[in-house]
There are 2 protein chains.
Amino acid sequence: MVTAPPLPAKRRKSASWTQDPEGVRRDILAVARAEFVENGLSGARVDEIAAKTSNSKRMIYYYFGDKEGLYRAVLEEAYARIRTFERSLDLAALPPREAIATLTGFTFDYHADNPDFVRLVMVENIHHGRHLATSTKISVLNLSAIDMIREVYERGRVDGLFREGLDPIDIHLTISALSFYNVSNQASIRQVFGHDMAAPEARERRRRSAIETVLRMVCR
Amino acid sequence: MVTAPPLPAKRRKSASWTQDPEGVRRDILAVARAEFVENGLSGARVDEIAAKTSNSKRMIYYYFGDKEGLYRAVLEEAYARIRTFERSLDLAALPPREAIATLTGFTFDYHADNPDFVRLVMVENIHHGRHLATSTKISVLNLSAIDMIREVYERGRVDGLFREGLDPIDIHLTISALSFYNVSNQASIRQVFGHDMAAPEARERRRRSAIETVLRMVCR
DNA sequence: TTCCAATTGTACTAGATAGTCCAATTGGTC
DNA sequence: GACCAATTGGACTATCTAGTACAATTGGAA
């Protein structure tokens, strides 16, 4: 048997590459996000992430230190995004009832449209929020969400439209729960009830139900 | 320096052990459950489980085949338990309103009292319900929960107490969401709002809120 | 041009991890 | 008591995995 002649060894070694730190970072983050979302923190493999990147594993460690640093960066980015989303809402311009309905609808949609975010939060909760605690970038935010609800609730209460004695946090938890659960538990719901919550009709029906439920919760 | 004289090597080798297959199984399952709940499927370590058992790693593989088999057994046991819980409810004996309130309260309590179950379901959902699908023991159950709700809802609807056009599954999802979320997302809620949902007062307040919300959802 | 700090590629390693091999012990059945 | 199948122990291994060593390349400042 004749062995094939050796290929011109590593000629492209000298083919030049251009520096693009930000591009590299973004690329790694996007791939890492997908991996962590799919496999969790312990399930994700650094080698796998590196392979799906257009860069080498070396870059991950150069930019993010270690696996946990990379995970933290992914988490921070995800929270930064939802913060942007929250700021885009202007509930003060709406009458109380419409404000609550809008907030609920938007929250529901954000979760349904960003299952990656939901799964990342699940993963982080499995780890007892250890990395949320570590990250200085995340700790301060999100009280604005409660403040927004408090403002709307006060208006509705004074109007005599909403009932007395509700806690803004309780309202927030209800809205979140009704938005989060169908996404986080999509798989078990499908297995146990044969229901696909991701299907457009099921999703739309559930969305209407969530809004209706929250309105009934806050109104007299 | 004088070395200590060798200990009577492995004298207890002949110390007899008694066979107790069921005990061994239960012991392993309990430890494994704790490990999977704490670290997820990929995060759990077979060696760690073995170490916390009063048996050797060999036993795990003897009784459960491999790590996934062990995980599946844990999952099956958890679902068997909640099925037992569901069967213990007798809603048919209660008037519709009380039946819904009771079901919601019980469901809320079950989740709050069994965070292990909640976390196991989270882990399984991260894995897209792959093992729920594999397990023949689990696939058939749980439709009873929906049937129970349907029966109660029909009674209430005919009475003119509940509003028309509700889907029993939708009611179930709402009850589950309101029971599941505060447990599953306990860590992130604490990090972001400084609220400890496990605290007795917070839990009790949330419980009342959940019942009230579900009642307002189904009643006219 | 020269030189240095910021990037990047390649090859490698120490340790962790799931799973196995083989022999030994036990309990029950004949 | 003998024998066999069900259990159990303990050491071992192949592979995976996070992380590193070290050299090379690039871009920009002097």
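Laboratory data are not the source of any read-out in this text; all were calculated from the coordinates shown. A quick note: this is a predicted structure, and the numbers were derived from the prediction, not measured. With ideal geometry, Cβ positions are generated from the backbone for all residues, glycine too; neighbour counts draw on all protein chains shown.
Sparsely packed loop sites in segment B:120-216 (the GluC sites (Glu not before Pro) outside DSSP H, G, I, E and B with at most 13 other Cβ atoms within 10 Å) comprise B:E164. Across the copies of the chain, A:G160 has label points (7 Å from Cα along Cα→Cβ) spaced 2.8 nm apart, shortest distance listed first.
Across the identical copies, the 7 Å label point of B:H128, projected outward along Cα→Cβ, sits 3.1 nm from its counterparts, in ascending order.
Stokes-Einstein diffusion coefficient for segment B:160-220 at 25 °C in a medium of 0.890 mPa s, Rh from the Kirkwood formula over Cα pairs: what value in µm²/s?
Roughly 191 µm²/s, to the nearest whole number.
The length gained by stretching the chain between A:R163 and A:S135 to full extension, at 0.36 nm per residue less their Cα-Cα distance, is 6.3 nm.
Karplus-derived 3J(HN,Hα) values for segment B:46-59, using 6.51 cos²θ - 1.76 cosθ + 1.60 with θ = phi - 60°, are 4, 4, 5, 4, 4, 4, 7, 8, 8, 10, 8, 4, 3, 5 Hz; glycine and proline are entered as x. Going from the residue with the fewest nearby Cβ atoms within 10 Å to the one with the most, A:S135, B:S209, B:S88 rank B:S88, A:S135, B:S209. Measuring how big segment A:43-88 is from its alpha-carbon positions, Rg and Dmax come out at 13.0, 38 Å.
Segment A:31-69 and segment A:70-103 have Cα centres lying 28 Å from one another.
Comparing Cα centroids, segment B:174-199 and segment B:142-172 end up 27 angstrom apart. Within a straight-line Cα-Cα reach of under 15 Å, A:K52 can be paired with the following aspartates and glutamates, leaving aside sequence neighbours fewer than 8 residues apart in one chain: A:D27, A:E35, A:E38. Per-residue ellipticity at 222 nm from helix content only, as computed over chain A with -39500 (n - 2.57) for each DSSP H run of at least four residues, stands at -23000 deg cm²/dmol. Each copy carries a label point for B:D47 at 7 Å from Cα along the beta-carbon vector; from one copy to the others these points are 1.8 nm apart, nearest first. Counting only Cα atoms, the protein assembly as shown measures 83, 69, 61 Å along its principal axes, largest extent leading. Can you figure out the FRET efficiency of B:V46 with A:R58, using R₀ = 41 Å and their beta-carbon distance, to the nearest 0.05? The pair B:V46/A:R58 has a calculated efficiency of 0.85. With each label modelled as a point 7 angstrom along the Cα→C-beta vector, the A:R87-A:D147 pair spans 1.2 nm.
Gyration tensor analysis over the Cα atoms of chain A returns equivalent ellipsoid semi-axes of 45, 21, 15 Å (largest first, whole Å). Once the C-beta distance of A:E68 and B:L215 is scaled by a Förster radius of 35 Å, the resulting FRET efficiency is 0.20 to the nearest 0.05. The equivalent ellipsoid of segment A:36-152 has semi-axes of 33, 14, 12 Å, largest first, where each one is the square root of 5 times an eigenvalue of the Cα gyration tensor.
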